[in-house]
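Visitor: Attaching a single structure in structure tokens format; questions to follow.
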Amino acid sequence: MNYDEIFPKIISHCKEYGFIFPSSEIYDGLGAVYDYGQLGAELKNNIKTAWWKAMVQMHENVVGLDSAILMHPTVWKASGHVDAFSDPLIDNKDSKKRYRADNLIEEYIDKLQAKSLKETEKKAKKEGWEPDSENYQGFLKNNRDAKKAQTVYENYVKALESGDLNALRDIIIENEIACPESGSRNWSEVRQFNLMFKTQLGAVAGDASDIYLRPETAQGIFVNFLNVQKTSRQKIPFGIAQIGKAFRNEIVARQFIFRMREFEQMEMQFFIKPGTQKEWFDYWKRARREFHEKLGIPASRLQYHEHEKLAHYADAAEDIQFQFPFGFKEMEGIHSRTDYDLGRHQEFSGKKLQYFDPEENKSYIPYVIETSVGLDRTFLAHLCNAYTEELAPTADGGQEERVVLKLPALLAPYKVAIFPLMKKDGLPEIAEKIFKDLRYDCLCTYDEKDSVGKRYRRQDAIGTPYCITVDHQTAEDNTVTIRDRDTMQQERIPIHRIREIILEKLDWRNVL
Ligand code: ATP
């Protein structure tokens, strides 16, 4: 299924089953702000739990933090966000649509590369070239579109590196890049647009009381570095992890929850000895990719992407991209941030933010490796990966289409659905008893409405991995059936073993 078909289906599935709603929907919504419904909240919490376990619980040298969203305004001066947390914005004068200049250029390069690949494949078919042959590779690199893409790319990187907004605009004009909505090429100047939301602290208006909603959770970690290090008695290398809301006034917010104005991040700053950054960068890069794979994201849908342009303070930066229906896009960033952040906070606060290393017998500002993953993008990645339409057998020997969310059991909102086969003969009482006992262990749901087939479909659509059915045999021998969502196989098990079997399936040891 292609992007145009699958993505709208995923979005409407989210709404129909209570995963995600547009914010303030009765007032026609608010641009790029979403609410998580009853099932979305569960899935989101389960992703947070997985991350927290993987980062904090499984690493003796990583501890958690929950810092405030509002911070002293100087934090954002020191971090560089007041001066440089902006995107290059360009307006189309005819359509009045606003775009990120860098995105327009990147999309243009992608298009050229796709054209070049298509042309190469066409030629290869005609000439009988294998993809790894010299002819194929040569043509792929040297055809007209590939060369053009390379030139545009080089100019683009130069413009970004020098921060030259006019040069960005020149690329758009020279290549006749058009407004995707209207096709117009009537562009404004490019200007920087700061992405931070500003608000006021207390009742007094004026610059002095201007504060920001945090655009990332990381700074709460940096300013608490010494508080946490001293009270936890951690020694370097150690990390501080936190999950929390971040706010960015994105110029172009689209692609559902991929780019929102209010979102959640799961970030960890790992403080290390200067000089060891390469080794730790590689360690976390691998560990973070493994995390996504262990949680069921196929390796083929993940890739590393090296940053074209490093921030001036970073000495390495790579993204872990997931293959969303709209292409491989960033889900997580791994950044080697040197001693920039702590150094800047030391400078702006006048307080020493150094670590005394007993082995070296000296104090220094630690270097930092950051892992920063979007909770909402991870959520979307899991949904995109799990959403499946397939044929399933019906009771009368036919087939019907089922929509099933093949989420890993530990992430699924409900773990178990419990049904009485019929609403009589004492079956509901037995089923309810099982439900009431099992809900101490995990989130369960009870359903006695409609045929069992329909109830299975309902649970498939929300990703419930196990369904337990109480039938007439239960009354005779105290056994129930347990059905697996993905294989649709049913097994008879004794009631007294339900808990043990379910808990074994939901053991984090199977995953982390
Ligand atoms: P992008 O290039 O897509 O704007 P970024 O490089 O600015 O992302 P970071 O500042 O590295 O992102 O933030 C870390 C993570 O936070 C990202 O990998 C992403 O998963 C998430 N994130 C960032 N911005 C948003 C947003 N507007 N909506 C949802 N998630 C976001």
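Every number in this text was worked out from the coordinates using simple rules, so none of it is lab data. This is a predicted model, so every value here is computed, not measured. Cβ sites come from the backbone with ideal geometry, for glycine too, and all protein chains shown count toward neighbours.
Visitor: Counting only DSSP beta bridges with both residues in the range 370-512, what percent are antiparallel, rounded to the nearest 5?
Guide: Bridges in the range 370-512 are about 65 percent antiparallel.
Visitor: I need the shape label for the range 392-447. Rule: rounded when a/c is under 1.5, else prolate if a/b > b/c, else oblate, with a, b, c from the alpha carbon gyration tensor.
Guide: oblate
Visitor: Pull out the extension gain between residue 487 and residue 209, defined as 0.36 nm times the separation in residues minus the alpha carbon to alpha carbon distance; nm, one decimal.
Guide: Result: 94.2 nm gained on full extension.
Visitor: What's the center-to-center distance, using Cα atoms, between the range 252-325 and the range 382-431 in Å?
Guide: 34
Visitor: Based on Cβ point charges of +1 for Lys and Arg and -1 for Asp and Glu, what charge dipole magnitude is obtained for the range 434-474 about its Cα centre, in debye rounded to the nearest 20?
Guide: For this selection, approximately 160 debye.
Visitor: Quick one: if the Förster radius is 22 Å, what FRET efficiency do residue 16 and residue 450 give, using the C-beta to C-beta distance and rounding to 0.05?
Guide: FRET efficiency, residue 16 to residue 450: 0.85.
Visitor: What distance in nm lies between label points placed 7 Å from Cα along the C-beta direction at residue 362 and residue 185?
Guide: Calculated label separation equals 5.9 nm.
Visitor: What spacing in nm lies between the two simple spin-label points modelled at residue 127 and residue 167, each 7 Å away from Cα in the Cβ direction?
Guide: A separation of 3.4 nm, rounded to one decimal place.
Visitor: Would you work out which of 463, 139, 256 lies farthest towards the positive end of the dipole of the chain, given +1 charges on the beta-carbon of Lys and Arg and -1 on that of Asp and Glu, about the Cα centre?
Guide: Projecting each Cα onto the dipole axis, the largest value belongs to 256.
Visitor: Expressed in nm to one decimal, what extension gain is obtained for the pair residue 433 and residue 352 from 0.36 nm per residue of sequence separation less their Cα-Cα distance?
Guide: Taking 0.36 nm per residue and subtracting the Cα distance, the gain is 23.2 nm.
Visitor: Compute the distance in nm between two label points, each set 7 Å from the Cα along the Cα-to-Cβ direction, one at residue 309 and one at residue 391.
Guide: Between residue 309 and residue 391, the simple spin-label model gives 5.2 nm.
Visitor: Still on this structure: Under 19 Å from a point placed 7 Å out from the Cα of residue 9 along the Cα-to-Cβ direction: which residues of the range 370-405 have their backbone N that close?
Guide: Flagged as within label range: 380-394, 399-405.
Visitor: What FRET efficiency do you get for residue 93 and residue 423 if R0 is 60 Å and r is their Cβ-Cβ distance, rounded to the nearest 0.05?
Guide: 0.40
Visitor: Have a look at 73, 379, 157 and report the one farthest towards the positive end of the charge dipole of the chain, computed about the Cα centre with Cβ charges (Lys/Arg +1, Asp/Glu -1).
Guide: Selected residue: 73.
Visitor: To continue, here is another question. Rounding to the nearest 20 debye, state how big the charge dipole of the range 397-510 is about its Cα centre with +1 on each Lys and Arg Cβ and -1 on each Asp and Glu Cβ.
Guide: Taking the Cα centre of the range 397-510 as origin, the dipole is about 320 debye.
Visitor: Given H placed on each backbone N at 1.01 Å, which residues far from residue 324 in sequence or on other chains put an amide H within less than 5 Å of it?
Guide: 329
Visitor: Mean separation of Cα pairs under 8 Å and 6+ residues apart, divided by the residue count of the chain: what relative contact order is that in percent?
Guide: Result for the chain is 13 percent.
Visitor: Please give the FRET efficiency for residue 158 paired with residue 118, using the beta carbon to beta carbon distance and R0 = 41 Å, rounded to the nearest 0.05.
Guide: For R0 = 41 Å, the calculated efficiency reads 0.90.
Visitor: Among bridges DSSP assigns within the chain, what percent are antiparallel (round to 5)?
Guide: Approximately 85 percent, going by the DSSP bridge assignments.
Visitor: Residue 497 to residue 282: extension gain in nm, 0.36 nm per residue of separation minus the Cα-Cα distance?
Guide: 73.0 nm is the gain from fully extending residue 497 to residue 282.
Visitor: Distance from the Cα centre of the range 84-120 to that of the range 13-56, in angstrom?
Guide: So the separation of the two Cα centres works out to 29 Å.
Visitor: Just how large is the dipole of the chain about the Cα centre, in debye to the nearest 20, putting +1 at every Lys and Arg Cβ and -1 at every Asp and Glu Cβ?
Guide: 460
Visitor: Quick one: Cα centre-to-centre distance for the range 138-210 and the range 443-509, in angstrom?
Guide: Centre-to-centre (Cα) distance: 53 Å.
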